[in-house]
Amino acid sequence: MPDPKRRGHPRAVVGLIANLIVPGLGTLLVGKVAMGAAQLAIFLASVFMNLTGTMAAIGVPAWLGVWMWALITSVAASGAPPDA
C-alpha cells in the first residue's frame, strides 16, 4: 500500500503535459529551474538547427534526446516532494 505521507510534486502532471509540448517548460513548472533552462535552451537550439536544415543531422538527435530527458525529469518529479 502506498504511503499517504509520501506525495509527489503537486504540479507533476502539469509538468509532464507541458514537457510533451515544449521540452523544458514542464521542468521549469515543477521548480527545477537550472535543469529546465538547460532543456529549453537545447530544445530551442535544436529547433533552429532543424529549421536551417544545414545541421539537421545534429538537431534531430538533440531534439529527441532533450525531449526524452524532459519526460524522464517529469516522471521523476511525480515521485519526489517539491524542492524547498
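Laboratory data are not the source of any read-out in this text; all were calculated from the coordinates shown. Nothing here was measured: the structure is a model prediction, and the numbers come from that model. Quick reminder, even Gly has a Cβ in these numbers, built from the backbone with ideal geometry, and neighbours come from all protein chains shown.
Scanning region 10-34 for residues that are touching a helix residue (DSSP H, G or I) at 6+ places or on another chain (Cβ under 6 Å) and over 17 Å from Gly79 (Cα atoms) turns up Ala18, Pro23, Gly24, Leu25.
Picking from residues in region 17-27 that are surrounded by fewer than 20 Cβ atoms within 10 Å (Cβ to Cβ) and assigned to a helix (DSSP H, G or I), the one that is nearest to the chain's Cα centre (by Cα) is Leu25. Of all residues in region 37-62, those being under 18 Å from Ile17 (Cα atoms) and in contact (Cβ under 8 Å) with a residue 24 or more places away in the chain number 2.
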